[in-house]
Amino acid sequence: MSRKLEHFDSLVQMFFVRAKEKGEAPFLWHKSGGTWHPTSWAEAARQVAALATALTKMGLKRGDRVMLVSENRPEFCISDLAIMAAGCITVPTYTTNTERDHQHIIENSGACAIIVSTTKLAKVLLPAALRASSARMVIGIDDVRVGQSGTIDFHDFRSLIAQNPTDVDSFAAGITFRREDLACIIYTSGTGGAPRGVMQHHGAILHNVAGCCTVISEDFGWADEVFLSFLPLSHAYEHSGGQFFPIGLGGQIYYSEGLEKLASNIEEVRPTIMVVVPRLFEVLRTRITKQVEKQGRFSSYLLDRAVTIGGKAAAGGIPITDMPMNLFLKATLKPKLAKKFGGRIKAMVSGGAPLNPEVGIFFQSLGLTFLQGYGQTEAAPVISCNRPKVGLKMDTVGPPLEGVEVRIAPDGEILVRGELVMHGYWRNDEETARVLKDGWLHTGDIGLIDDKGRIQITDRKKDIIVNDKGDNVAPQKIEGMLTLQPEIVQAMIYGDKKPYMTAVLVPDPEWTQEWCARTGNQCDFRRLAQDGDYRAALGAAVERVNKDLSVIERIRKFILADAPFTIENEQLTPSLKIRRHVLKQAYGERLNGLY
């Protein structure tokens with residue numbers, strides 16, 4: 001069925017319209033005691049209206065920022081919508097953040113209230129909240145136990161809802177937000193290290209939702225869609241693609257039990273659309289290949305043939321000589337593998353990090369439609385997506401969404417314009433002016449547009465590492481922390497498209513001499529580089545830094561540089577900044593060997 005998304009003035013309005021249409025139909029699902037439990041659209045609307053009323057009674061005013069720290073669960077969605085329905089601005093925050101990260105975001109956003117899900121998360125959050133001058137109240141979704149409250153008032157999520165019954169229809173009728181009003185501030189790492197708050201307005205996310213709905217409607221048919229949510233909802237990709245996109249479609253959202261149970265959750269839930277990151281499918285490809293190998297040589301042969309034929313199809317078409325085998329695979333291998341994904345997947349949309357084309361071709365070969373998209377938090381975040389009607393090409397990220405203008409600057413940088421573009425960075429006019437010029441978002445990515453209007457990313461202008469799960473890591477921040485250690489004088493972080501961070505370290509020569517004198521070793525660097533005690537001393541410095549980093553930022557392994565980075569060996573610029581591309585050429589092979 002093909003249809004267009006209606007015009008909405010706000011995300012909250014879109015939700016209440018869908019809730020009115022869907023009534024008692026299931027909306028949000030969570031698993032407890034081995035069983036999936038639904039929350040209906042009507043019940044979710046009741047809770048959103050009640051919590052929004054409670055927030056207003058507690059003194060929160062239009063434009064106030066409310067921080068939301070929670071894993072993926074129904075209460076995240078309800079809290080997010082209630083914050084916006086109260087006229088406030090959601091500040092979704094990673095559950096992996098350190099105390100220092102939390103403090104920066106609270107102070108920078110000026111959040112006066114915080115909703116947190118569990119005692120475990122509260123233990124890291126509360127010290128930061130108590131030190132911040134703006135935070136006045138904390139709402140615990142679960143029974144968040146604290147020793148003493150100090151200057152912060154504590155409230156219970158469910159009690160607030162129970163104590164503030166609100167007529168949903170009257171509440172929804174009173175909503176007066178406009179598309180240009182700020183909906184949320186999503187913090188993303190900047191080149192200087194401190195996270196920057198991207199101001200996403202209602203219209204930006206609604207523009208994303210409408211564009212994605214058009215793709216589903218025109219290329220696949222809009223029906224009763226089922227999503228499985230497992231990427232962090234604090235990430236712009238899941239926030240828009242895994243929460244508001246399903247709301248726009250009137251779909252159901254199941255919340256995964258976690259990565260270790262994801263495969264079984266997929267088989268149970270049988271999603272129709274999945275918002276994914278490349279790393280997940282690299283893991284699944286390995287798992288599928290091993291499972292097929294265990295079934296014997298013939299099964300392995302069939303898989304090899306499927307992938308070979310899929311590669312030919314991606315390159316231009318299946319030769320006539322391969323048609324009989326392709327038909328045989330459609331009747332035998334492909335249905336079995338499709339069942340592992342529930343059997344009714346329309347499309348898997350990959351984003352958040354660059355996709356290796358081989359991974360996309362592998363799953364296309366198995367009969368699963370794999371769409372690679374492209375975006376940035378600054379664009380709410382989806383800019384483009386591959387579409388079957390245009391032609392799937394795995395080394396492109398597809399044509400821009402409807403209503404998105406894209407052009408290539410003279411230096412090759414991809415520029416984007418449209419309602420999806422952010423209003424700027426919160427309280428950061430300098431960075432805003434750097435990336436927003438005459439209404440165009442300067443993405444920092446280098447690329448081209450092919451003859452079918454598909455964008456191809458060829459390089460990245462900016463110095464942000466994007467790991468294989470789509471998380472952004474600011475290398476300068478970590479490098480700066482490392483070089484503050486007495487043992488380390490220079491460092492480069494590495495980890496683009498990788499599962500964790502690694503580093504090239506240059507030991508401090510003075511510290512090295514002192515270590516040698518203390519331990520009775522000769523200061524022969526080539527020999528020291530192989531010395532276990534010397535490397536352990538440097539490892540201790542790395543671990544000190546890791547204690548102040550989030551999980552995604554921590555350095556798991558390192559190598560030692562052959563020589564200091566200098567202007568003479570072209571590893572430093574004249575202004576003493578490291579030349580990443582030169583260092584990657586020098587050490588890339590050894591760094592890749594750490595994975």
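Things to note:
- Qualifying residue in the range 451-460 (condition: without any contact (Cβ under 8 Å) to a residue 12 or more places away in the chain and not in a helix (DSSP H, G or I)): yes
- Of all the residues in the range 30-53, those that are within 21 Å of Gly242 (Cβ to Cβ), of a type in the set (A, V, I, L, M, F, W, C) and surrounded by fewer than 19 Cβ atoms within 10 Å (Cβ to Cβ) number 1.
- Taking the criterion of being hydrophobic (A, V, I, L, M, F, W, C) and either surrounded by 17 or more Cβ atoms within 10 Å (Cβ to Cβ) or assigned by TED's automatic domain parsing to the domain that holds Leu125 (or both), the residues of the range 538-558 that qualify are Leu538, Ala541, Val542, Val545, Leu549, Ile552, Ile555, Phe558.
Each row is one residue, and each column tells you yes or no for (1) in contact with a Pro (Cβ under 8 Å, 6 or more places away or on another chain); (2) of a type in the set (Lys, Arg).
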| residue | (1), (2) |
| --- | --- |
| Ala162 | no, no |
| Asp167 | no, no |
| Arg178 | no, yes |
| Thr188 | yes, no |
| Gly197 | no, no |
| Ser217 | no, no |
| Ser240 | yes, no |
| Ile247 | no, no |
| Ser264 | no, no |
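- Candidate set: the range 489-509, residues that are within 11 Å of Pro564 (Cα to Cα) and touching a helix residue (DSSP H, G or I) at 6+ places or on another chain (Cβ under 7 Å); chosen: the one surrounded by the fewest Cβ atoms within 10 Å (Cβ to Cβ): Val489
- Residue count for the range 435-465, restricted to those that are modelled with pLDDT of 95 or more and touching a His at 6+ places or on another chain (Cβ under 9 Å): 2
- Restricting the first member to the range 408-424 and to residues that are touching a residue at least 12 places away in the same chain (Cβ under 8 Å), and the second to residues that are in a strand (DSSP E or B) and surrounded by fewer than 16 Cβ atoms within 10 Å (Cβ to Cβ), the beta-carbon pairs closer than 6 Å and six or more apart or on different chains are Leu415/Arg407; Arg417/Glu405; Gly418/Glu405.
- Residue within the range 232-255 that is exposed (fewer than 15 other Cβ atoms within 10 Å of the Cβ), touching a Gly at 6+ places or on another chain (Cβ under 9 Å) and either of a type in the set (Ser, Thr, Tyr) or not assigned by TED's automatic domain parsing to the domain that holds Gln376 (or both) present: no
- The lone exception for Leu392 - which of (1) buried (at least 24 other Cβ atoms within 10 Å of the Cβ); (2) touching a Leu at 6+ places or on another chain (Cβ under 8 Å) it fails: (1)
- The residues of the range 309-327 that are of a type outside the set (Asp, Glu) and touching a residue at least 12 places away in the same chain (Cβ under 8 Å), listed by number, are Ile309, Gly310, Gly311, Ala313, Ala314, Met325, Asn326.
- Exclusive hit being touching a residue at least 40 places away in the same chain (Cβ under 8 Å), crowded, with 24+ Cβ neighbours inside 10 Å and within 20 Å of the chain's Cα centre (by Cα), set Thr93, Thr98: Thr93
- 1 or more residues closer than 30 Å to Ile309 by Cα and touching a strand residue (DSSP E or B) at 6+ places or on another chain (Cβ under 7 Å): qualifying strands (runs of 3 or more DSSP E) within the range 347-443: 347-350, 370-375, 382-385
- Search result, residues across the range 199-224 that are under 18 Å from the mean Cα position of the chain (by Cα) and assigned to a helix (DSSP H, G or I): Ala204, Ile205, Asn208, Val209, Cys212
- Where strands (runs of 3 or more DSSP E) fall wholly inside the range 1-70, the ranges with 1 or more residues that are without any contact (Cβ under 8 Å) to a residue 24 or more places away in the chain are 26-32, 35-40.
- Of all residues in the range 559-595 being in contact with a helix residue (DSSP H, G or I) (Cβ under 6 Å, 6 or more places away or on another chain) and under 16 Å from Glu479 (Cα atoms), the one that is surrounded by the fewest Cβ atoms within 10 Å (Cβ to Cβ): Ile559
- Members of the range 67-113 found to be among the hydroxyl-bearing types (Ser, Thr, Tyr) and more than 18 Å from Arg158 (Cα to Cα), listed by number: Thr90, Thr93, Tyr94, Thr95, Thr96, Thr98, Ser109
- Qualifying residue in the range 442-453 (condition: crowded, with 18+ Cβ neighbours inside 10 Å and hydroxyl-bearing (Ser, Thr, Tyr)): yes
- Residue count for the range 81-140 satisfying the condition of being under 22 Å from Met58 (Cα atoms) and basic (Lys, Arg): 2.
- Residues located in the range 372-388, provided they are farther than 17 Å from Phe244 by Cβ and without any contact (Cβ under 8 Å) to a residue 40 or more places away in the chain: Gln372
The values are calculated or read from the model by the stated rules, or taken from the named source; none is laboratory data. Just so it is clear, the structure is predicted and the values come from calculations on it, not from any experiment. We place every Cβ from the backbone using ideal geometry, glycine too, and count neighbours over all the protein chains shown.
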